[in-house]
1. Which count do you get for residues in region 111-121 that are under 30 Å from Cys198 (Cβ atoms) and crowded, with 18+ Cβ neighbours inside 10 Å?
2. Looking at region 84-96, is at least one residue more than 21 Å from Leu191 (Cα to Cα), under 28 Å from the mean Cα position of the chain (by Cα) and hydrophobic (A, V, I, L, M, F, W, C)?
3. Please work out which residue is farthest from the chain's Cα centre (by Cα), limiting yourself to region 162-177 and to residues that are assigned to a strand (DSSP E or B) and crowded, with 20+ Cβ neighbours inside 10 Å.
4. Any idea which of (1) surrounded by fewer than 14 Cβ atoms within 10 Å (Cβ to Cβ); (2) part of a helix (DSSP H, G or I) is the one Lys184 doesn't satisfy?
5. For region 72-110, enumerate the residues that are acidic (Asp, Glu) and either more than 16 Å from Glu123 (Cα to Cα) or in contact (Cβ under 8 Å) with a residue 60 or more places away in the chain (or both).
6. For region 96-110, name all the residues that are assigned to a helix (DSSP H, G or I) and surrounded by 15 or more Cβ atoms within 10 Å (Cβ to Cβ).
7. Looking at (1) crowded, with 17+ Cβ neighbours inside 10 Å; (2) modelled with pLDDT under 95, which is the only condition Gly129 fails?
8. Looking only at region 137-161, which residues are under 15 Å from Asn77 (Cα atoms) and either small (Gly, Ala, Ser) or surrounded by fewer than 15 Cβ atoms within 10 Å (Cβ to Cβ) (or both)?
Amino acid sequence: MKTYISLVIMVAIAATTLSIAACNTGNDKTTTSKENDKTGDTSMAMHQQLTNHATGTQNAAMFPIKAIIAGYLQMKNALANDNANDAAAAGKSIVELLDKVNQSNLSADQMKAYADLHDDIKENAEHIGSNADKIKHQREHFMMLSSDISDLIKAFGNNGQTLYKDFCPMANNGKGAIWISETKDIKNPYLGKSMPTCGTIKEEMK
């Protein structure tokens, strides 16, 4: 009789142990499932961030900021050397670049920035491009173009190139005007060879 009772007790204990083990296993599975869900959510978030970053970088790369800056610097150097013909050629090249921009590749912020600047940049570049015989007129539009190019660089970057924002206190009838340069050396596009080193560096643009 005692042996029978002991056997019953042992069976009951074994059943209880199995039940507890089963509950623990179920909890482990639930915990693991939740951890996997969290890991999956984190991975998705990271993937989305990387995708957004890559898209923004790709959009910036598709915009011809490097070529526009190169055209502008060609124009600046031409005016500094009193070369109206080369300045006109640079103006025409900038207009051509603007006409080829595919705005669908831009982010919403870039599209707005470009829309705000496009008309003025194009108009000033056109004036410079069509007035190879009027360098004074070219310089008047170059002053406005320089301000717009500075804003364009802020919106689209400078393609890793170090640039300098220079200031001439005598331009614009003594009110002063800025221009963008690729060198620390002052080569004034407003006064040309008459006063080539007039001006100071106001800002380094990286």
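1. At the first step, the residues of region 111-121 found to be under 30 Å from Cys198 (Cβ atoms) are 117, 120-121.
Add one more test, that the residue is crowded, with 18+ Cβ neighbours inside 10 Å, and what stays is 117, 121.
Total satisfying the criteria: 2.
2. Taking region 84-96 first, the residues more than 21 Å from Leu191 (Cα to Cα) are 92-96.
Still in the running and under 28 Å from the mean Cα position of the chain (by Cα): 92-96.
Pick out the ones that are also hydrophobic (A, V, I, L, M, F, W, C) and you get 94-95.
Yes.
3. From region 162-177, those assigned to a strand (DSSP E or B) are 163-168, 177; that's our starting set.
If we keep only those that are crowded, with 20+ Cβ neighbours inside 10 Å too, we end up with 163, 166, 168, 177.
Details: Leu163: 15, Asp166: 22, Cys168: 28, Ala177: 25 Å.
Looking at residues that are assigned to a strand (DSSP E or B) and crowded, with 20+ Cβ neighbours inside 10 Å, I get Cys168.
4. Evaluating Lys184 over (1) surrounded by fewer than 14 Cβ atoms within 10 Å (Cβ to Cβ); (2) part of a helix (DSSP H, G or I) leaves (2) as the failure.
5. Once the filter is applied, which keeps residues that are acidic (Asp, Glu) and either more than 16 Å from Glu123 (Cα to Cα) or in contact (Cβ under 8 Å) with a residue 60 or more places away in the chain (or both), region 72-110 yields Asp82, Asp86, Asp109.
6. Leu97, Leu98, Asn105, Gln110
7. (2)
8. Answer for region 137-161, where residues must be under 15 Å from Asn77 (Cα atoms) and either small (Gly, Ala, Ser) or surrounded by fewer than 15 Cβ atoms within 10 Å (Cβ to Cβ) (or both): just Ser146.
The values are calculated or read from the model by the stated rules, or taken from the named source; none is laboratory data. Model, not experiment: these values are computed from the prediction. Every residue, glycine as well, gets a Cβ built from its backbone with ideal geometry; the counts of neighbours run over all protein chains shown.
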